[in-house]
1. In degrees between 0 and 90, to the nearest 10, how far off the longest principal axis of the chain does helix 13-24 point, with axes built from Cα atoms?
2. Can you tell me the 0 to 90 degree angle between the C-alpha axis of helix 165-189 and the longest principal axis of the chain, rounded to 10?
3. Report, in listed order, any pair from K23/K50; K50/K106; K18/K187; K40/K78 with a Cα-Cα distance greater than 28 Å.
4. Under the Kirkwood approximation applied to all pairs of distinct alpha-carbon atoms, what is the hydrodynamic radius of region 88-214 in Å?
5. First check a/c for region 7-107, with a ≥ b ≥ c the square roots of the eigenvalues of its C-alpha gyration tensor; if it is under 1.5, answer rounded, and if not, answer prolate when a/b is larger than b/c or oblate otherwise.
6. For the chain, modelled as a Gaussian network with Cα springs under 10 Å, which listed residue fluctuates most, T51, T198, T167?
7. Below 8 Å between Cα atoms, with a sequence gap of 6+, how large is the relative contact order for region 1-55 in percent?
8. Return a whole-number percent for the relative contact order of the chain, with Cα pairs under 8 Å and 6 or more residues apart as the contact set.
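Please treat every number below as a calculation from the coordinates, not as lab data. Worth saying up front: this structure is predicted, and the values here are computed from it rather than measured. Heads up, the Cβs are rebuilt from the backbone with ideal geometry, glycines too, and the neighbour counts pull from every protein chain shown.
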Amino acid sequence: MKIIMLGAPGAGKGTQAKKIAAKYGIPHISTGDIFRANIKNGTELGKKAKTYMDQGMLVPDDLTVDLVTDRIHKDDCKNGYVLDGFPRTIPQAEALDKALSAMNEKLDHAIEVNVPDENIVKRMSGRRACLNCGATYHVVHAPTKVENICDMCGGELILRDDDKPETVLKRLGIYHNQTKPLIDYYKEEGILTTIDGTAALEDVFKAIIAILGE
Ligand SMILES: [Zn+2]
């Protein structure tokens, strides 16, 4: 079962990807993990990727595609995988399809975890982080025992810049521009399913199981 996950940052697709991987016994593959593993192991692709990352640049599409293709050829992927964070662009999606069809394979499902922007902004702006130890909380979903004081170390909690509404909205704008075309692309291929990501975590997962099968 070859699956890709689509969804805005903060929509919870990573969490669902992990649950899918655990239930179906397939690897959860995120590009961040692939980059880190290749850099750590000093592979040729890893060395190339590192030169971009060290300069604060995005790893180019063709290199990212090579890294992902290399990863999905590994033995643990023979029963499938769930790709999280890739593809991000139409050229990446086309390159992935091309690489798969060269192996006589194709994607089975593209699952979009859909959460309206305003819900994501609300979720993120409820996050709190401890200045001292880095522990994270949520004012609604994971509150501290004493308001604004870290349970672990007694440090003061803050709302990080990354979680502020203006930053979140900016990131969502970039996501929509870049990724919305992908949704149409997979709709055209007939493998797209959109799941309501505003439901509770377990209900979102149940909806996904209904698509993938028990
Ligand atoms: Zn703390």
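1. Orientation of helix 13-24: about 60 degrees from the principal axis.
2. The angle comes out at about 30 degrees.
3. Working: K23/K50 33 Å; K50/K106 30 Å; K18/K187 24 Å; K40/K78 24 Å.
Those over the limit are K23/K50; K50/K106.
4. About 17.4 Å, per the Kirkwood formula over Cα pairs.
5. Details: a/c = 1.45, a/b = 1.26, b/c = 1.15.
Taking the square roots of the gyration eigenvalues as a ≥ b ≥ c, region 7-107 is rounded.
6. Answer for the Gaussian network model of the chain: T51.
7. Details: 21 pairs, mean separation 8.7, N = 55.
For region 1-55, the relative contact order is 16 percent.
8. On the way: 289 pairs, mean separation 57.5, N = 214.
Value for the chain: 27 percent.
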